[in-house]
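A short worksheet on the structure shown next.
The values are calculated or read from the model by the stated rules, or taken from the named source; none is laboratory data. Being a predicted model, the structure only gives us computed values, none of them experimental. Don't worry about glycine lacking a Cβ; one is built from the backbone with ideal geometry, like all the others, and counts go over all protein chains shown.
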Amino acid sequence: MLKQTFVVAISLGSVARLVLTVVMLVGAAAVLIGVMGAVAYAQENPEWTSFTSPEGRFTVLMPAKPKTEVKNTDTAEGNLPMYLFSAANDNAYFLISYNDFSNVNESNVQAALEAGRTGAIESMGGELISERKILLGSYPGLEFSAKKSSEGSEIIANARLYFVDHRLYQLLVLAYKPHADSPDIQKFLTAFELTK
């Protein structure tokens, strides 16, 4: 199964240390490369389902009912809970996570997003393919793709990070290169919406 529990933890210290203090992604990727099992073990449910997290205040489409986990992550703010939701299909592994950082504000949110991206790519031992700034309504975000070779195969990570007030949302899709253009990837990434 294209599956791994990613411990996504981003440490956000003072603004001066913000970019350097990354402990993260998707889980956001702290373990990304020991990650992929065989595609033959992927979940076999072809139907996509809407998943809503009332506590997380979001809704998203998933290829199956997601596995839900809570992991404690060590950050500059102390030990913080991270909430993870994951599922897989024949094409990819899908993960969304969120956690809250009280020290991120309007003045340092872009640096925090960039720190998350950098931490994710470094933790997977990968290299950046592309990135661009995005918005979720009026909330800032960062979309990026990265690649990593592992055991003769290339793994492509597509991610979107959003800060909504003090909450970091991380969406991550991992796929072997032959499946990197699957419509499922954009279906997941573009279906994310905030709820009240």
Response to the item:
When (1) buried (at least 21 other Cβ atoms within 10 Å of the Cβ); (2) touching a strand residue (DSSP E or B) at 6+ places or on another chain (Cβ under 7 Å); (3) part of a helix (DSSP H, G or I) are applied to Phe94, the one that fails is (3)
Item to complete: Could you identify the single residue in Leu168, Leu128, Leu189 that is under 19 Å from Ser86 (Cα atoms) and modelled with pLDDT of 95 or more?
Response: Leu189
Discussion item. Is it the case, given these coordinates, that Ile185 is within 21 Å of Glu47 (Cβ to Cβ) and β-branched (Val, Ile, Thr)?
Written reply: yes
Practice prompt. Take Ala146 and decide whether it is touching a helix residue (DSSP H, G or I) at 6+ places or on another chain (Cβ under 9 Å), closer than 19 Å to Val60 by Cβ and part of a strand (DSSP E or B).
Written response: no
Worksheet, complete the sentence: Out of (1) part of a loop (DSSP other than H, G, I, E, B); (2) crowded, with 20+ Cβ neighbours inside 10 Å; (3) modelled with pLDDT of 50 or more, the one Phe85 does not meet is (1)
Discussion item. Among the residues that make up the stretch 56-68, is at least one of them loosely packed, with under 13 Cβ neighbours inside 10 Å, among the hydrophobic types (A, V, I, L, M, F, W, C) and modelled with pLDDT of 95 or more?
Written reply: no
Worksheet item: Is one or more of the residues making up the stretch 146-157 over 24 Å from Ser53 (Cα atoms), touching a Phe, Trp or Tyr at 6+ places or on another chain (Cβ under 7 Å), buried (at least 18 other Cβ atoms within 10 Å of the Cβ) and among the aliphatic types (A, V, I, L, M)?
Response: yes
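Has the stretch 22-43 got at least one residue that is modelled with pLDDT of 85 or more and under 21 Å from Asp181 (Cβ atoms)?
no
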Worksheet item: Checking Leu95 against (1) aliphatic (A, V, I, L, M); (2) over 16 Å from the mean Cα position of the chain (by Cα); (3) at pLDDT 95 or above, which single condition isn't satisfied?
Response: (2)
Worksheet item: Which one is surrounded by the most Cβ atoms within 10 Å (Cβ to Cβ), of the residues in the stretch 158-191 that are among the aliphatic types (A, V, I, L, M) and over 21 Å from Leu113 (Cβ atoms)?
Response: Ala175
Worksheet item: What number goes with the only condition from (1) of a type outside the set (D, E, K, R); (2) more than 15 Å from the chain's Cα centre (by Cα); (3) more than 20 Å from Ala112 (Cα to Cα) that Phe58 does not pass?
Response: (2)
Item to complete: Restrict the check to the stretch 105-123 and report whether at least one residue is modelled with pLDDT under 95, touching a strand residue (DSSP E or B) at 6+ places or on another chain (Cβ under 8 Å), in a strand (DSSP E or B) and surrounded by fewer than 18 Cβ atoms within 10 Å (Cβ to Cβ).
Response: no
